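Asker: Mind looking over this structure? Questions follow.
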Amino acid sequence: MSDDAKDRALVALACRVMAAAGLFDMHGHISLRDGDVAYINGRRSSRISVTAAQVAVVKVADGSVVSGEPPAETALHLGCYRARPEIRSVAHFHPLAATAFATVGKPLITAFNAGAPFGKAVPVYDDPDLVRNDSQGSAMARDLGKHRAVLLRGHGVAVVAEDVPSCVTLSLYLDPDRPLDPTLTPARAAGAVTRRWTLRALRGNPTPVRRSRVQAQVRALEQLDLAELAGRSTHPG
Ligand SMILES: [Zn+2]
């Protein structure tokens with residue numbers, strides 16, 4: 001498989017995982033930077049059944065489209081890539097609870113172990129407009145600073161990471177709805193859904209898990225299965 005095909009497949013799978021996990025609804029996008037281009041799920045594609053062919057490619061330097069139809073807020077991703085050379089994956093979505101925090105202008109304070117990667121607090125980008133152009137993208141990236149995530153006031157969140165699996169994992173950690181589920185809190189707080197696990201899962205080699213031990217991993221595996229099924233149902237063979 002060529003690098004282009006691998007990048008497309010990884011972004012499509014990550015998008016389906018985010019949808020199966022409930023982080024993406026009809027909106028939300030995840031991208032991967034490879035060299036001077038970024039791969040991102042297409043604006044019209046279903047998030048739960050997006051295929052590799054529906055992944056768009058844009059130039060990082062000027063946002064020009066190489067192929068496909070990128071989402072309206074691609075500038076959000078490009079702003080992060082231009083500001084942070086080490087970042088290779090960006091996710092943007094609209095989780096209810098995080099957006100509520102951002103609406104009142106309060107930073108999200110780290111309160112339990114799974115939040116540790118985000119530092120003491122997640123900053124707030126104080127602009128409710130969609131991030132559609134370069135100046136908005138760079139303003140948001142300025143507020144992101146060196147953090148791993150930024151809340152967008154009244155809008156959603158952006159998460160950045162050094163690779164796609166880490167970006168998916170961090171997005172799962174950031175979603176503050178999840179700790180409210182008592183069956184998931186202990187396992188998640190203990191870091192049960194680790195970056196290493198997600199990496200292997202996204203490579204198609206999930207770590208075998210014992211149901212009785214780690215409910216969060218089981219749930220994540222089910223989400224991955226669902227995501228893969230969704231991809232197969234639209235792309236037989
Ligand atoms: Zn948005």
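Asker: Among the residues of the stretch 83-137, what is the count of those that are within 13 Å of the ligand (Cβ to nearest atom), modelled with pLDDT of 90 or more and of a type in the set (Gly, Ala, Ser)?
Answerer: Counting residues in the stretch 83-137 that are within 13 Å of the ligand (Cβ to nearest atom), modelled with pLDDT of 90 or more and of a type in the set (Gly, Ala, Ser) gives 2.
Asker: Only one residue in LEU32, LEU23, LEU13 is buried (at least 21 other Cβ atoms within 10 Å of the Cβ) and either within 16 Å of the ligand (Cβ to nearest atom) or of a type in the set (S, T, N, Q) (or both), so which one is that?
Answerer: LEU23
Asker: Which one of these does ILE40 not meet: (1) of a type outside the set (Gly, Ala, Ser); (2) away from the ligand (no atom under 16 Å from the Cβ); (3) within 17 Å of VAL164 (Cα to Cα); (4) assigned to a strand (DSSP E or B)?
Answerer: Condition (2) is where ILE40 drops out.
Asker: Ok, one more. ALA53 passes all but one of (1) assigned to a helix (DSSP H, G or I); (2) buried (at least 21 other Cβ atoms within 10 Å of the Cβ); which number fails?
Answerer: (2)
Asker: Next question. Looking at the stretch 146-164, I want the residues that are farther than 17 Å from SER89 by Cβ and have a partner that is within 12 Å of the ligand (Cβ to nearest atom) and charged (D, E, K, R) with Cβ atoms under 7 Å, at least 6 apart or on another chain. Which pairs are those?
Answerer: Between residues of the stretch 146-164 that are farther than 17 Å from SER89 by Cβ and residues that are within 12 Å of the ligand (Cβ to nearest atom) and charged (D, E, K, R), the close pairs are ARG153/ASP127.
Asker: Among the helices (runs of 4 or more DSSP H) contained in the stretch 64-168, which hold 1 or more residues that are touching a Cys at 6+ places or on another chain (Cβ under 7 Å)?
Answerer: Filter on the stretch 64-168 gives 134-144.
The values are calculated or read from the model by the stated rules, or taken from the named source; none is laboratory data. Note that the structure is predicted; figures quoted are calculated from it, not measured. Cβ atoms come from the backbone with ideal geometry, glycine included; neighbour counts cover every protein chain shown.
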